[in-house]
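**Q** Before I ask anything, let me first share the structure, which is written out below as structure tokens.
All of the numbers you see were taken from the coordinates with simple rules; none came from a lab. Please read all numbers here as calculations on a predicted model, not as lab measurements. A quick note on method: Cβ atoms are made from the backbone with ideal geometry, for glycine too, and the neighbour counts reach across all protein chains shown.
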Amino acid sequence: MARRNRNKILVPEARQELDQLKAKVAGTTNPEQAKYEVAEEIGVPLKEGYNGKLTSEQAGKVGGRLGGNMVKELVRMAQENLRNQ
């Protein structure tokens, strides 16, 4: 059973693009698989379904790596946009 994303974004129309960015920074084509790709890279035993045995530190490593890389990519894109203006 897939968990529904309850994060609220300021521009709901941007959800699809954010999902594509998530997949891009994780090195996959499917945004749903992004967290599993990152977890595998850093050695966190994340699996589909219940993950209640993960520590807060392990869960934070996955989310932090994914979110941090998304922010870095957004900053890079903004800098490139400013250079082109």
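**Q** Would you work out which of Ala39, Gly68, Gly52 lies farthest towards the positive end of the dipole of the chain, given +1 charges on the beta-carbon of Lys and Arg and -1 on that of Asp and Glu, about the Cα centre?
**A** Farthest towards the positive pole: Gly52.
**Q** Number of Lys pairs in the chain with C-alpha atoms less than 24 angstrom apart, excluding same-chain neighbours closer than eight positions?
**A** The number of close lysine pairs in the chain is 20.
**Q** Here's something else I'd like to know. Under the rule of -39500 (n - 2.57) per DSSP H run of 4 or more residues, summed and divided by the residues of the chain, what mean residue ellipticity at 222 nm is obtained, to the nearest 500 deg cm²/dmol? The partial results should precede the final answer.
**A** Working: 3 runs with 50 residues, N = 85.
-19500 deg cm²/dmol, from helical runs alone.
**Q** Let me test this: with uniform point scatterers at the alpha carbons of the range 12-84, what is the Debye-based log₁₀ I(q)/I(0) at q = 0.25 1/Å?
**A** -1.14
**Q** Something else now. Report relative contact order for the chain in percent, whole number only (criteria: Cα-Cα under 8 Å, sequence separation at least 6). Intermediate results must be reported in sequence, preceding the final value.
**A** Details: 49 pairs, mean separation 19.9, N = 85.
Relative contact order comes out at 23 percent.
**Q** Let me ask something additional. Using +1 at the C-beta of Lys and Arg and -1 at the C-beta of Asp and Glu, which of Gln85, Leu21, Leu10 has the Cα lying farthest in the positive direction of the dipole of the chain?
**A** So the residue we want is Leu10.
**Q** I would also like to ask the following. Treating only the Cβ of Lys, Arg, Asp and Glu as charged (+1, +1, -1, -1), what charge dipole size does the chain show about its Cα centre? Round to the nearest 20 debye.
**A** So the magnitude is around 260 debye.
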